[in-house]
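A.B. asks: Take this structure, written in structure tokens, and hold onto it; I'll ask about it next.
The values are calculated or read from the model by the stated rules, or taken from the named source; none is laboratory data. On a predicted model such as this, the values are computed, not experimentally measured, just so you know. Every residue, glycine as well, gets a Cβ built from its backbone with ideal geometry; the counts of neighbours run over all protein chains shown. Quick note on the areas: whole protein, heavy atoms, side chains included, nothing else; ligands and nucleic acids left out. Shrake-Rupley method; radii C 1.70, N 1.55, O 1.52, S 1.80 Å.
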Amino acid sequence: MQKEAAKSGQASVGVLMLQTCFPRPLGDIGNALSWDFPVHYRVVEGASARKVVLQDPSELFDAFVTAGRELVEAGCAGITTSCGFLGLMQDELKSALGVPFASSSLMQVPMVEAVLPAGKRAGVLTISAEGLTPAHLAAAGAFENTPLQGMNPQGAFARPILEDLKEMDFEACRRDMLEAATELTKRHSDVGAIVLECTNMVPHAADIASETGLPVYSIHSFVRWFHAGLSPSSFPKA
């Protein structure tokens, strides 16, 4: 994982990273080359994927604050994270860090639903339907009955992440993702767009959109929007 800016210049976005060793291909939030603007990273000690997804991430609150403040001191104007489940600490962390804080891709759900046609709603693809509770959805401002589809915990995508393996079969991951997305739309015919909870799903977002025919939103779309406000484009004066 690259811990410095993707390009020269001050990074306006800082990323709080889980402490992991699984691969991070292009498109993953942890790959600095996924971004067309500079980013900085800090690894949160002790924050494993299993701890954050399936246990209680609030036990790591102090570690997230420490890493987040390091990013702010390094000049980052806003902070995000590498796991959608951290939305549970949105309010506490934004208060502790004192800068704009975008904890979870799930925060896009209300915005996505605001632009969908009447009778359509957002559906969520998550690494763990078991771990993603109504409390996570409520913290993101989403309805508690938002349609969810989890990944197979022993599948090619979820198992290497939750067990922090050093190798992944990316083609098998893609097939897992397409199968789960198709199942989501079959189970909920009113789903008009898909929000990817897991930041590691981004490399497969375009394939999911092609397979389902639906718009797909992810941490990549969210952080690009987030950055646009932190560092607005400038234009020649008339």
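A.B. asks: Highest GNM mean-square fluctuation, the chain, Cα pairs closer than 10 Å: which of A140, A129, A206?
C.D. replies: Maximum fluctuation in the GNM of the chain, among the listed residues, is at A206.
A.B. asks: Further question: Can you work out ³J(HN,Hα) from phi for every residue in segment 59-69, in order, using Karplus 6.51 cos²θ - 1.76 cosθ + 1.60 and θ = phi - 60°, giving whole Hz and x for Gly and Pro?
C.D. replies: These are the phi-based 3J(HN,Hα) values: 5, 9, 3, 4, 5, 5, 5, 4, 5, x, 5 Hz.
A.B. asks: Looking at the chain as a GNM with Cα springs under 10 Å, which of L88, L106, L26 has the largest mean-square fluctuation?
C.D. replies: L26
A.B. asks: Assuming a ≥ b ≥ c are the square roots of the Cα gyration tensor eigenvalues, decide whether segment 140-238 counts as rounded (a/c under 1.5), prolate (otherwise, with a/b larger than b/c) or oblate.
C.D. replies: Cα axes put segment 140-238 in the prolate bin.
A.B. asks: List the residues of segment 26-40 whose backbone N lies under 14 Å from a point placed 7 Å from the Cα of D207 along the Cα-to-Cβ direction.
C.D. replies: The answer is 26-28.
A.B. asks: On to the next question. With all protein chains present, how much of the accessible area of segment 44-123 (probe radius 1.4 Å) comes from carbon and sulfur, to the nearest whole percent?
C.D. replies: Whole-percent figure for carbon plus sulfur exposure: 53.
A.B. asks: Can you say what percent of the DSSP beta bridges in the chain, counting only those with both residues inside, are antiparallel? Round to 5.
C.D. replies: 0
A.B. asks: Another question about this same structure. Can you work out the accessible area per residue across segment 1-120, with the rest of the protein chains kept in place, probe 1.4 Å, in square angstrom? Walk me through the numbers before you get to the answer.
C.D. replies: Numbers: 4960 Å² over 120 residues.
For segment 1-120, the per-residue accessible area is 41 Å².
A.B. asks: What does the accessible area of L178 come to, in Å² to the nearest 10, when a probe of 1.4 Å is used?
C.D. replies: 20
A.B. asks: Here's another thing I want to ask about it. Rank these by accessible area, largest first, 1.4 Å probe: R159, R187.
C.D. replies: R187, R159
A.B. asks: Which one of A74, V109, P38 is farthest out on the positive end of the charge dipole of segment 20-125, using unit charges on Cβ (Lys, Arg +1; Asp, Glu -1) and the Cα centre as origin?
C.D. replies: My answer, from the dipole projection, is V109.
A.B. asks: Determine the sum of side-chain charges near L132: Lys and Arg each +1, Asp and Glu each -1, restricted to other residues whose C-beta is under 12 angstrom from that of L132.
C.D. replies: That works out to -3.
A.B. asks: From the mean inverse distance of alpha carbon pairs (Kirkwood) and the Cα radius of gyration, derive Rg over Rh for the chain.
C.D. replies: Computed over Cα atoms, the ratio is 0.95.
A.B. asks: In deg cm²/dmol, rounded to 500, what helix-only [θ] at 222 nm does the chain give when every DSSP H run of at least 4 residues adds -39500 (n - 2.57) and the total is split over its residues?
C.D. replies: -10000 deg cm²/dmol
A.B. asks: Measure out, as a whole number of angstrom, how far apart the alpha-carbon centroids of segment 175-238 and segment 53-132 sit.
C.D. replies: 16
A.B. asks: Before anything else, pin down the relative contact order of the chain: Cα pairs under 8 Å, at least 6 apart, normalised by residue count, whole percent.
C.D. replies: 21
A.B. asks: Run the simple label-point estimate for D62 and V115 please: 7 Å along Cα→C-beta, distance reported in nm.
C.D. replies: 4.2
A.B. asks: Next up: Return the sequence-ordered ³J(HN,Hα) values of segment 86-96 in whole Hz as given by the Karplus equation 6.51 cos²θ - 1.76 cosθ + 1.60 applied to θ = phi - 60°, using x for Gly and Pro.
C.D. replies: Result, ordered by residue: 6, x, 4, 10, 3, 5, 5, 6, 5, 5, 6 Hz.
A.B. asks: Expressed in nm to one decimal, what extension gain is obtained for the pair E167 and L33 from 0.36 nm per residue of sequence separation less their Cα-Cα distance?
C.D. replies: Going from the current span to full extension adds 46.3 nm.
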